[in-house]
Amino acid sequence: MTSGPGMSGLILEEALLWEKGKKGRSAFSMPQQDVPEADLDASLLGAAPDFPDLGEVDVVRHYTRLSQWNFGIDTGLYPLGSCTMKYNPKINERLAATPGIASAHPLLPELSPGMLRILFELQQFLAAITGMDAVSLQPAAGAQGELTAMLMFAAYFREQGGQRRRILIPDTAHGTNPASAALCGFKPVPLRSGPDGILDPATVAAEMDEQTAGIMLTNPNTLGLFEENIRAITDIVHGAGGLVYGDGANLNAVMGIVDFKRCGVDAMHLNLHKTFSTPHGGGGPGAGPVCVVKRLEPFLPVPRIVKTAQGYDLHSDAPASIGRMHAFFGNVSVLVRAYGYILSMGPQFLKKASQLAVLNAVYVREQLRDTLELAYDRPSLHESVFSDKRQHAFKVSTLDMAKRLIDHGYHPPTVYFPLVVPGAIMIEPTETECKEDLDRFIAVFKEIAREAETDGERLRQAPTRTKVRRLDETRAARTPCLIG
Amino acid sequence: MRYLPHTPDEIEQMLAAVGKRQLDELFAHIPEDCRYRGDIDLPDQLSEWDLLRRFQDLGPQLSLASARAVLVGGGSYYHFVPEIVRSLAGRSEFVTAYTPYQPEMAQGTLQAIFEYQTLTARLLGMEVANASIYDGASALAEALLMALRLARKKRTVAVSAAIHPHYRQVVRTYLEPGGFRIIELPLDETGRTDLTSLPPPDELAAVALQSPNFFGVIEDMVDAAPTVHDAGALLVTCFTEPFAYGLLRSPGSCGADIVCGEGQSFGIAPSLGGAGLGMFACRMEHVRNMPGRVVGETVDLDGKRGFVLTLSTREQHIRREKATSNICSNQGLCALTAAVYMASLGGTGLRRLAKLNYDKAAYLKNGLLASGARLLYRGPTFNEFAVRMPAGFKEQRRRLMERGIVAGLPLDGFDPALQDAYLFCVTETVSRSIIDELCKEVQS
Amino acid sequence: MKEIDELDLPGDVYYSSDHEWARKEGETVKIGISDYAQDQLGDIVFIELPDVGTVFERGEEFGTLESVKAVSEVYAPLSGEVVAVNTDLVDAPELVNEAPYENWIIELRPSDEDEYDELLSRDDYLAVLQG
């Protein structure tokens, strides 16, 4: 029996916050009342918030125990496809916590000129890495970056004098693409990718016209494949006066290898919490900067951070701009971490990171190709997509195999996405995993596939070593209990 | 490079296993005309120590760290953060986890967010809160889009002129392409929003107020709610300083339908305005139109309590272009941080600290008024207020700055008519001696 | 999921290619979803019903059914005005899973009688499912 790092250990139970504590306890070092009490109009006064009162040790144990029920990259291999769960360097946490950075006030940027310098330089770094001309750091996440780009497309066509209403979106796109486009009044037109998993220029030509704003293309796409026809596709779109949006979620595969401006991309977003190693925090904060070519620069959000003879400054006088996307400058503490990462890597090791990310993914693909059904057998990059087709005969599904991986101490890959592959299993190991860990993961996956043939019930019951077993999601959705 | 574990031998072995000789061959199928030419134009890599030095060299340019007191708010506030908040929210099991798609190995994040939702709903007097939105500004934009969905055919929203100017700008960015109409509601002489001339009910989907508003004035939400509802609209309220609800009536208890705002005050560093926390709450009857992720309680196969992401059919990955929002990643760790902070304070602590903020701000307000300042608006305030300062204050402010005191935020940058007007914010981080020193300088 | 030969496809209702069924009851027609549709969707957790009095064209979306991980629009197999909706489903949407042909969703007063005759018989529908 092959096994991964998964063991069973002592799991401590922990109540909900309000099931603990005693009125009158406190975990807060209350400052002195050094001024007289002031009166408040009774009509404005509310009841004290109904929060539990806890002591400092109560709070410390509560969150320590909760943290132990979690699995992070620091715990182990997290091959979640499309999410680029690479190691989050510790030094970047320290940089973001630098007192001068943490205490910078957004309405007093003149008192923290170094902050504007960091942000300006990061804009330049991201432009250099993608090949694009100008950057806005405001979007707080990838989806907001997409929205920013779509708003810019809408503004561009308004200025051109003719609003276009349709936008082309391939079936391999992230779900955020259609939702972002729809917010800007575009009607998503789905495109089918070809039998080889990439988009055929003829499919684009058939739908592209003067009513169509352009195309939203993820490249490398969500099957881990490079859209090899991208130049032909972008020519078709540009030929009809349209614009090309590139979803840069998968940039980790091609840093220093692909130039997005040369590909014909007009605007793209990056996920700094994927490619640039900033932690995902159990669901954010991320950062989704937008990079554009020169002709879209006037539409970027304000304020823009610019370099002047005296130093760095903010410019808001941009009549064509789509306006403001964020109350201030975006998720600056995340941006600082990405800045630290790029400086740590330099040009040489960013490219190396992409090469090794692809090597790791292709290695896993080749080792597992006899175990799982490969969805598209052609050269792939940073991730590979399998399915549970071979396990159907044993009534074992992708979900069952994913859950069994948990018992072995691995976070499962992304499952049931992309939608074009039924029962998809999408594995993205990233470059920060070493060979012996990959070998162990591969051996475990093979073992699970053998188990599927002989002891399917064991998989269907998995996981069994976690704090809770499979959860009743139907009950959660049917009778929602959203607060305690 | 320490983040890349591969030895040259291993690279060779792995390449051999996949039938390649060189790393470049992995990319052979990428067309020539898409290729990056040359090396990326970036500075050479820095060692850990050189990187730290680069940040240390920026030190003098990051000067606010050495300030003795910053009496500026305006949407980003200085509050004391207990060490346990930094330490617990910084645990790497929380920090380095992804969105909890595999609930069996993410119960820590899930329970913490469920607790965050609960504390948020209790604070705001609402029935349900989501797991967060990016920031206060986009939370307000999402709230208005939600109100427009609920109102179906109506296409107008009315927004108070006392909502943070940046929030109003973000609302415009989000709503304009949909062709929605945004009307700005004026203020009365108390600094509260004038609701006497609302648009007709067949057009108006929502009225948005901020309380305390940008000028620090506490809106009369008890009066506003019936007026807005009589006009056939939903009442959307927002905030930049959640501390206010440690002391004041909650928006929910006043009749608000959707409540949202910025939660940075709850244990999160200003960091030039981000990452912050968009808090978002509404009534249960509207939950299926609520944007953003939400955690719910359920049971596992053995009947044991557990938590999952739920009501996902509202979201982009399922409903695609018909989703309630395009939001995917939110501000998870910031929400968790706020929860740890709220748990550290407790109900009793939050009330006391909120009152202390109120008392200190009142002390400065009285001191400045006695020194020749005049109130911009006479409505009641919480920890922030706007005043017109006597002639010569600009120079006094510069002198105070040299002594490490940032005395208020000039408002003329927001509205040229507000010459000599300043927005002061006083939190628990400002001691009486600083306030006395400031007032003395103004009197000089 | 069920194999095609495991599906319950009664002969006393007519079907649409969008997997709704229709059953004439005097002046009006009751409408629900087929066993195939409920099986594909899985455990239904929420149903969005139209208002009584709404008029739909044939093929127009009249509501949505949600499972944990999917949303499915339901389309009017006939044109007409909604005269009743099955409010039992609001609190117990799982009834559609348990007995899809007993638990109708809406009741329509058809505006064009001919459309009823254009619906699929059990055998025609089975042929659609077999592709």
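The values are calculated or read from the model by the stated rules, or taken from the named source; none is laboratory data. A quick note: this is a predicted structure, and the numbers were derived from the prediction, not measured. Every residue, glycine as well, gets a Cβ built from its backbone with ideal geometry; the counts of neighbours run over all protein chains shown. Please note that ligands, DNA and RNA were not included when accessible areas were found on the heavy atoms of the full protein model with its side chains. Shrake-Rupley method; radii C 1.70, N 1.55, O 1.52, S 1.80 Å.
Scan the range B:54-128 for GluC sites (Glu not before Pro) in coil per DSSP, keeping those whose Cβ has at most 13 other Cβ atoms within 10 Å, and list them by number.
In loop regions of the range B:54-128 (DSSP not H, G, I, E or B), there are no sparsely surrounded GluC sites (Glu not before Pro).
Heavy atoms only, probe 1.4 Å: what % of the accessible area of chain A goes to carbon and sulfur, would you let me know?
49 percent
Please state the charge dipole magnitude for the range B:83-341, taken about the Cα centre, from unit charges on C-beta atoms (+1 on K and R, -1 on D and E), reported in debye and rounded to the nearest 20.
Computed about the Cα centre, the dipole is about 700 debye.
Could you state the accessible area per residue of the range B:141-203 in Å², with a 1.4 Å probe and every protein chain left in place?
On a per-residue basis, the range B:141-203 sits at 41 Å².
So how do A:316-323, B:257-264 stack up, highest first, on mean other-Cβ count within 10 Å?
In decreasing order of mean packing, A:316-323, B:257-264 become B:257-264, A:316-323.
Shielding of B:159-170 by partners, i.e. mean partner chain Cβ atoms within 10 Å per residue?
The shielding value for this peptide is 2.
Using the eigenvalues of the Cα gyration tensor, what equivalent ellipsoid semi-axes result for chain C when each is taken as the square root of five times the eigenvalue, whole Å, largest first?
21, 19, 12
Quick query: amide H of A:Y376 versus all other amide H atoms, modeled in the peptide plane; which residues come in under 5 Å with a sequence gap of 5 or more or a different chain?
Amide H neighbours of A:Y376, under 5 Å, 5+ apart: A:V385.
Taking the Cα of B:M284, stepping 7 Å toward and past its beta carbon, and measuring to each backbone N in the range A:449-484: which are under 15 Å?
The answer is A:476-484, whose backbone nitrogens lie closer than 15 Å to the label point.
Going by the alpha-carbon gyration tensor, a ≥ b ≥ c the square roots of its eigenvalues, is chain A rounded (a/c under 1.5) or, if a/c is not under 1.5, prolate (a/b greater than b/c) versus oblate?
oblate
For the protein assembly as shown, what does the convex hull of the Cα positions come to per residue, in cubic angstrom?
In the protein assembly as shown, the Cα hull volume divided by residue count equals 168 Å³.
How big is D, in µm² s⁻¹, for the range A:347-468 by Stokes-Einstein at 10 °C and 1.306 mPa s if Rh is the Kirkwood radius over C-alpha pairs?
In µm²/s, the coefficient is 107.
When the C-alpha atoms of chain B are aligned to their principal axes, what extent does each axis show, in angstrom, from largest down?
81, 55, 51
In debye, nearest 20, what is the charge dipole magnitude of chain B about its Cα centre with +1 on Lys and Arg Cβ and -1 on Asp and Glu Cβ, if you could check?
Dipole of chain B, to the nearest 20 debye: 1000 debye.
Which order, highest average first, do A:139-149, B:285-295 follow once you tally other Cβ atoms within 10 Å for each residue and take the mean per peptide?
Descending packing order for the listed peptides: A:139-149, B:285-295.
Apply the Karplus parameterisation 6.51 cos²θ - 1.76 cosθ + 1.60, with θ equal to phi minus 60°, to every residue of the range B:94-99 and state each ³J(HN,Hα) to the nearest whole Hz, in sequence, with x for glycine and proline.
7, 5, 9, 8, 8, 3
In peptide B:354-364, what is the residue-averaged number of other protein chain Cβ atoms found within 10 Å of each Cβ?
4
Which value in deg cm²/dmol, rounded to the nearest 500, describes the helix-derived mean residue ellipticity at 222 nm for chain A, given -39,500 (n - 2.57) per DSSP H run of n ≥ 4 and division by the residue count?
Mean residue ellipticity, 222 nm, calculated: -11000 deg cm²/dmol.
If you bin every alpha carbon distance in the range B:1-83 into 5 Å steps from zero, what whole percent lands in each bin?
3, 9, 9, 11, 12, 12, 9, 8, 7, 8, 8, 4, 1
I need the GluC sites (Glu not before Pro) found in the range B:178-253, filtered to DSSP loop residues with at most 12 other beta carbons within 10 Å of theirs.
Loop-located and lightly packed - B:E189.
Using a 10 Å cut-off on Cβ atoms, rank the peptides A:76-82, C:43-49 from the highest mean neighbour count down.
Those peptides, ordered most packed to least, come out A:76-82, C:43-49.
Counting only helical runs of four or more DSSP H residues, what would the 222 nm mean residue ellipticity of chain B come to if each run contributes -39,500 (n - 2.57) and the total is spread over all its residues?
-10500 deg cm²/dmol
Quickly work out the B:E83-to-C:A99 label distance, labels modelled 7 Å from Cα along the C-beta direction, and quote it in nm with one decimal.
That separation, rounded to one decimal, is 6.6 nm.
Below 15 angstrom from the Cβ of B:G273, what's the summed charge of the other residues (Lys, Arg +1; Asp, Glu -1)?
It works out to a net charge of -3.
For peptide B:69-76, what's the mean number of Cβ atoms from other chains within 10 Å of each residue's Cβ?
Mean partner shielding for this stretch: 3.
How much area per residue is accessible in the range C:4-130 when the probe is 1.4 Å and only protein heavy atoms are counted (Å²)?
46 Å²
Using the Cα centre of chain A as the reference point, and only Cβ charges (+1 on K/R, -1 on D/E), how large is the resulting charge dipole? Debye, rounded to the nearest 20.
380 debye
If you bin the C-alpha pair distances of the range A:66-128 every 10 Å from 0, what whole percents do you get?
The calculated distribution, bin by bin, is 17, 30, 30, 21, 2.
Based on the alpha carbons, how large is the Rg to Rh ratio for the range C:74-131 when Rh follows Kirkwood?
1.03
Counting other Cβ atoms within 10 Å, keep those with at most 16, restrict to DSSP loop, and tell me which trypsin sites (Lys or Arg not before Pro) in the range B:346-410 are left.
Here the sparse-neighbourhood loop sites are B:R378, B:R403.
Taking 8 Å as the Cα distance limit and 6 or more residues as the minimum spacing, I'd like the relative contact order of chain A as a percentage.
It comes to 20 percent, rounded to a whole number.
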